[in-house]
């Protein structure tokens with residue numbers, strides 16, 4: 001499905017301002033929508049909305065379906081009568097410019113637990129009815145997820161295959177016993193999902209009503225310690241004890257000389273094919289209940305993927321294995337119809353990957369930071385862009401443009417200055433203009449580049465497992481000319497959203 005010519009901004013919700021240590025679904029999110037609309041932007045791209053995993057990464061979540069409870073707006077819980085005003089006072093440990101997860105998680109979870117308890121004590125009939133309706137609507141994943149989280153909290157630091165054998169194997173009697181013993185914790189997790197989904201639906205309506213569509217992000221893989229791997233182990237490459245036998249990653253590339261060992265379990269694609277890729281159909285259906293456009297991460301992996309033995313410490317020693325290819329997407333299209341999907345086709349891309357993307361009609365990605373190696377044939381240079389594509393100045397995995405330019409080799413600097421007709425000053429906005437002018441029908445700019453921020457505001461560094469996903473902006477950094485300039489470029493280059 002082709003996207004109309006439009007532009008937007010990449011900003012994850014955790015990066016929003018707010019008093020409670022990280023961005024969330026509260027007033028700052030609506031204010032950001034208003035700012036986008038005022039700047040003529042029609043797209044807001046976010047990172048995965050699921051919970052965070054090791055290294056605080058949203059790409060290593062404990063569930064492919066559940067929302068991140070840390071994004072819940074606590075003030076809305078107060079308005080419902082489940083929190084007191086004094087309980088929303090920010091603590092000194094909560095930072096404005098960075099997410100300190102060690103402080104944010106206990107602060108927020110403690111208040112979510114209080115709200116859940118008060119809902120259980122004094123929730124109105126209408127609230128209880130809505131909660132039960134939500135549980136029924138999400139019965140295909142919610143109960144297993146809530147039990148998984150409760151069991152994980154009872155045995156912190158243990159992966160599910162280290163639990164007692166009866167629970168690891170999901171024996172019915174053991175599961176029933178655990179549900180009785182952990183009823184309170186299970187209720188908390190179901191409450192959190194209820195509020196997340198209701199708040200997110202409200203924010204999405206707010207955005208859509210103002211002409212802003214949400215671009216979501218679906219990681220190709222799930223975490224080994226996740227509800228999905230525990231509940232459906234037959235769909236994953238696991239050994240007899242439930243541990244991953246091989247794991248995901250990519251070989252050495254632009255980002256890392258030793259490759260990237262992500263550690264996610266790989267799929268048993270033959271098992272997925274036997275039931276018509278039902279798990280994937282369910283996953284994509286649920287994703288489009290939340291977003292308007294979906295970016296699917298690591299599209300390359302659907303053609304072939306890098307298989308790393310689980311005992312290898314790096315990604316250097318691995319092998320390419322065939323993915324499901326067109327059969328998976330045919331099953332999704334048959335069940336759900338044509339969908340606005342963006343294929344993340346960065347990295348080592350083969351003709352087979354390109355051919356599949358074209359057959360499916362998915363736009364690929366063009367990242368301008370990759371363009372200026374001195375080769376006029378570089379596919380990321382704007383004169384090679386195609387209409388059915390998405391151009392970025394950079395992504396969440398790149399340095400900011402200001403940081404990239406400060407570190408760029410002289411040869412790259414010389415080529416970029418000559419190509420872009422610039423003296424190199426104000427490079428973030430030079431690249432924003434180049435992206436806006438591209439024939440690519442979709443243009444996305446990270447908020448860090450709008451604000452011309454340096455490397456200390458980078459969101460992630462592939463291959464480095466800690467210290468990332470922390471950046472936040474403050475409204476004092478956003479000046480009137482930022483939105484005005486974006487709006488001028490949008491009009492000048494015809495990105496009015498169709």
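Every number here is computed from the coordinates shown, using simple stated rules; none is lab data. These numbers come from a predicted model, not from an experiment. When we count neighbours, we look across all protein chains shown, and the Cβ atoms used for this are built from the backbone with ideal geometry, even at glycine.
Debye-formula intensities of the range 1-136, expressed as log10 I(q)/I(0) at q = 0.13, 0.18, 0.22 Å⁻¹, are -0.68, -1.15, -1.38 (one equal scatterer per alpha-carbon, no solvent). For the chain, the relative contact order comes to 21 percent (Cα pairs under 8 Å, sequence separation of at least 6).
Can you classify the range 83-222 as rounded, prolate or oblate using the Cα gyration tensor, where a ≥ b ≥ c are the square roots of its eigenvalues, rounded means a/c under 1.5, and otherwise it's prolate if a/b beats b/c and oblate if not? Rounded.
When 482, 383, 396, 414 are arranged by Cβ crowding within 10 Å, least crowded first, meaning fewest neighbours, the order is 383, 414, 482, 396.
Gain on full extension, evaluated as 0.36 nm per residue between residue 406 and residue 126 minus their Cα-Cα distance, stands at 95.1 nm.
Residue exposure proxy: 57, 455, ordered by other Cβ atoms within 10 angstrom of their Cβ from fewest to most, comes out as 455, 57. Kindly express, to the nearest 10 degrees and within the range 0 to 90, the angle between helix 480-492's C-alpha long axis and the longest C-alpha principal axis of the chain. Helix 480-492 sits roughly 70 degrees off the main axis of the chain. Summed over qualifying helices (DSSP H, 4 residues or more, each -39500 (n - 2.57)) and divided by its residue number, the chain shows a 222 nm mean residue ellipticity of -12000 deg cm²/dmol. Between the Cα long axis of helix 125-137 and the first principal axis of the chain there is an angle of about 70°, rounded to the nearest 10. As a proxy for reagent exposure, 297, 100 were ordered by neighbouring Cβ count within 10 angstrom, fewest first; the result is 100, 297.
Centre-to-centre, using Cα atoms only, the range 130-170 and the range 344-407 are separated by 39 Å. Once the Cα atoms are used to define both axes, helix 27-38 deviates from the longest principal axis of the chain by about 30 degrees.
Of the peptides 32-39, 88-95, 426-433, the ranking by mean beta-carbon count within 10 Å, highest at the top, reads 426-433, 32-39, 88-95. Taken along its three principal axes, the alpha carbon spread of the range 353-466 comes to 39, 37, 22 Å, from the longest extent down to the shortest. Provide Rg over Rh for the chain; use the alpha carbon set for both Rg and the Kirkwood Rh (inverse mean inverse pair distance). The Rg/Rh ratio comes out at 0.96.
What shape does the range 213-302 have by the C-alpha gyration tensor, where a ≥ b ≥ c are the square roots of the eigenvalues, rounded means a/c under 1.5, and otherwise prolate means a/b greater than b/c and oblate the rest? Oblate, since a/c reaches 1.5 and b/c is not below a/b.
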